[in-house]
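Everything on this sheet refers to the single structure shown next.
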Amino acid sequence: MCPAGVTVNSVRNNSCLNKWSEKFEVTLIQGSGRDSGHGPMEENMCEENMEEVKVLKAEIDQLRAEVAELQHRQKLNLKDMTFNFRGQMQDALSYVCGQKQVGSKEEVESRLKEEVEELEEDLKRQTQMNGISLNSCTTKTLQSSSRKLVQQLSVSGHCSELVFQVEFKLSDFTQGQRSERTISDLNVVMDASDLSSLGSFLSGVEESSDLLLLFRTLRTFSDRCDDRRRTFCHFQDSVSSIQTRSGTWVEFAGGRT
Amino acid sequence: MEGTSTKGGVLSLLSLLEVQARSRRHVPPQRSRVKELRAEAEALRVRREQLKTEIQTHQSLQRLRTSLDRQSTHDEEEEEEEEEEMDEDSENSQLLKLMARHTRVKDLLLAHHLIGGYDIVKTRHGKGVCVSVATAYEGVCLETYNLEMDLKPTLRICRHNVPPFVPLSSLAEQGDMQTDIRAFLETLSQHLNAFAGRKQQLKLVKEQHKTIEVMESNALCSILVLMFTVPKTKTAILCTLNYSDHTACLPARVQFECDVKEILESTEWRKNCSLLMETPLHKALMTMKKMGNIV
């Protein structure tokens, strides 16, 4: 607002005119002399500002595009490995990404190390209790929304001598309070040696996506194999001096169920 | 010294001073716009660098994780090759390796849980343990049952949420829980999974087959009585399914009752009898409907 009683001449910077020109994106035609209220120095400053604004705007557009592209790339990466961490992992991530206020490197490292070692102890307990040794588990997110999460999992390991690789889809649906978890598209690959007896069982299990039954059975099967082997070894020792007429060893057939 | 003439003069002087003061404080709009834009550009640059660092970290973590996974299945020799790649950013490499180990062990623990592991947890400073038995049917994850056990003086179940119609204590005795806890848990898991499966089949029958009346069912879902209606004649057939093997999801015996005996002697209904003994209930009923045997 131009204060009353003050002539335009005495106002060095014509605030009103500038505001108006910006609002309507009109380029002020720089008059000469005192009437327009712009001296030669102010004139140059206006031009410089315009130039700078133009340059900055262009730079911002460019930066926005770069940021969008990076965000898109990050979104794709997240499908292969989650970055959604809590607790010590969150601190470690913040530290690595430059936020050193979470603690010193030693502090962050030692806290994380403690947690990792606890988890690895836990893993040993689970391995022993479950009778299954897992080598790897990789997950890929196929679909992710607030109500639905679909992941593709690939788990490999062995159950005593039986080596397996299992792939399946894991779907988590949330409907209000309830959430339902489903396993589907089960695919089992096993070491070929005992396949004949397991073959039809495996197709049945794949069809009904019965992951739990698969592993219950693997455990039982491998326990029995272990039993048979132990018993065979025992017999082998005790009959080591006996040979059949044809000169071959007596084979222990074991219990079949 | 106030007179009207000086008042006017003072006022105009004051307003002049006001304007001058304002024009000094007030950065001209073009300059303030430039400031705004510079700040925005800077904020975007910061965000860009942040994203770049996050993406790089993510990729390093993935590389480390992949090499950890490979190491677990191959010889130690390969470990040497993988190590060289990580010399860049050696400042954070220890921390990143720990992070990769963390993601790996978390995923393995998840896998143990998903494949029906017992999720064993130590409680009360090692004096007890808690185990969980997971159940599922046709891929749908169902109820989880928990058992809390004392370890001393002998292994003993102190708390659980297993339903009373599952004979927990006799299973513990028979399974020789003290010496072979895994065998006991395997048997318990069989019972619980079969129960969950039968219960789920009943639920699906009620949802998918509203024309079929469920006359009777027991808590263990080991006995089920259904009422079928034959199309056209509207004859009623009573069907009793007996799941005498409590570790099975399929009935050991299927019996039909009908006023019109001829129906039951037909080939169709003999087939239906086998069908009900070999196929999950909700699926068998679907087939029977398609064949036009029932409404």
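The values are calculated or read from the model by the stated rules, or taken from the named source; none is laboratory data. Predicted, not measured: the structure shown is a model, and the values here were computed from it. All Cβ positions, even for glycine, are placed from backbone atoms using ideal geometry, and neighbour counts span all protein chains on display. For the accessible areas, the whole protein counts, side chains as well, though only heavy atoms, and no ligand, DNA or RNA atoms are used. Shrake-Rupley method; radii C 1.70, N 1.55, O 1.52, S 1.80 Å.
If I ignore ligands, DNA and RNA and count only protein heavy atoms, how much of B:Ser72 is accessible to a 1.4 Å probe, in Å² to the nearest 10?
Around 50 Å² of this residue is reachable by solvent.
Can you pull a Stokes-Einstein diffusion coefficient for chain B at 37 °C (0.692 mPa s), Rh from Kirkwood over Cα pairs, as a whole number of µm²/s?
D, rounded to a whole number, is 121 µm²/s.
Once a ≥ b ≥ c are taken as the square roots of the eigenvalues of the Cα gyration tensor of segment A:86-153, is the result rounded (a/c under 1.5), prolate (a/b larger than b/c) or oblate (a/b not larger than b/c)?
Taking the square roots of the gyration eigenvalues as a ≥ b ≥ c, segment A:86-153 is oblate.
Over segment B:119-195, give the accessible area per residue in Å² for a 1.4 Å probe, as an integer.
That works out to 50 Å² for each residue.
Segment A:156-220 to segment A:70-87: how many Å between their Cα centroids?
28
Give the calculated FRET efficiency between B:Ser169 and B:His113 to the nearest 0.05, with a Förster radius of 35 Å applied to their Cβ-Cβ distance.
0.85
Based solely on its DSSP helices, what 222 nm [θ] is calculated for chain B when runs of n ≥ 4 H residues each add -39,500 (n - 2.57) and the sum is averaged over all residues, nearest 500 deg cm²/dmol?
Result for chain B: -18500 deg cm²/dmol, rounded to the nearest 500.
Using Cα positions and a limit of under 24 Å, work out the lysines in reach of B:Lys283, with same-chain residues fewer than 8 apart set aside.
A:Lys169, B:Lys199, B:Lys203, B:Lys206, B:Lys210, B:Lys232, B:Lys234, B:Lys271
How large, in percent, is the carbon and sulfur part of the accessible surface of segment A:177-237 at a probe radius of 1.4 Å?
Summing carbon and sulfur atoms, their accessible area is 49 percent of the total for segment A:177-237.
What spacing in nm lies between the two simple spin-label points modelled at B:Ser244 and B:Thr73, each 7 Å away from Cα in the Cβ direction?
4.7
Compute the FRET efficiency between A:Phe83 and B:Arg31 as 1/(1 + (r/R0)^6), taking r as their Cβ-Cβ distance and R0 = 30 Å, and round to the nearest 0.05.
0.15
Which lysines, on any chain, are close to A:Lys57 with Cα under 22 Å apart, when same-chain ones fewer than 8 places away are left out?
Within the straight-line limit of under 22 Å, A:Lys57 reaches these lysines: A:Lys19, A:Lys23, B:Lys35.
How much net charge surrounds A:Leu186 when only other residues with a Cβ under 15 Å from its Cβ are counted (Lys, Arg +1; Asp, Glu -1)?
-3
Per residue and in Å³, how big is the convex hull formed by the alpha-carbon atoms of segment B:209-290?
Value for segment B:209-290: 91 Å³ per residue.
What's the buried accessible area, both sides, between B and A using a 1.4 Å probe, rounded to 100 Å²?
For chain B against chain A, roughly 7600 Å² becomes buried.
To the nearest 0.05, what FRET efficiency results for B:Glu278 and B:Thr229 with a Förster distance of 25 Å applied to their C-beta separation?
0.60
Report the full-extension gain for the segment A:Leu76 to A:Ser160: residue separation times 0.36 nm, less the Cα-Cα distance, to one decimal in nm.
26.5 nm
Please enumerate, by chain and number, the lysines with C-alpha under 19 Å from the C-alpha of A:Lys124, excluding those fewer than 8 residues away in the same chain.
A:Lys113, B:Lys106, B:Lys122, B:Lys127
Give me the distance between the Cα centres of segment A:107-126 and segment B:191-261, rounded to whole Å.
Each part's Cα centre sits 50 Å from the other's.
Carbon and sulfur: what percent of chain B's accessible surface (1.4 Å probe)?
In chain B, the share of accessible area belonging to carbon and sulfur is 53 percent.
Leaving ligands and nucleic acids out of the surface, order B:Arg159, A:Arg229 by accessible area at 1.4 Å, largest first.
Result, largest first: B:Arg159, A:Arg229.
Averaged across the residues of B:35-44, what count of C-beta atoms belonging to other chains lies within 10 Å of each residue's C-beta?
Mean inter-chain Cβ contacts per residue within 10 Å come to 4.
Got the relative contact order for chain B handy, in percent, Cα pairs under 8 Å and 6 or more residues apart?
This gives 8 percent for chain B.
Hey, rough spin-label estimate for B:Val10 and A:Ser146, points 7 angstrom out along Cα→Cβ, what's it come to in nanometres?
6.5
Using every Cα-Cα pair within segment B:80-193, state what percent have a distance larger than 20 Å.
55
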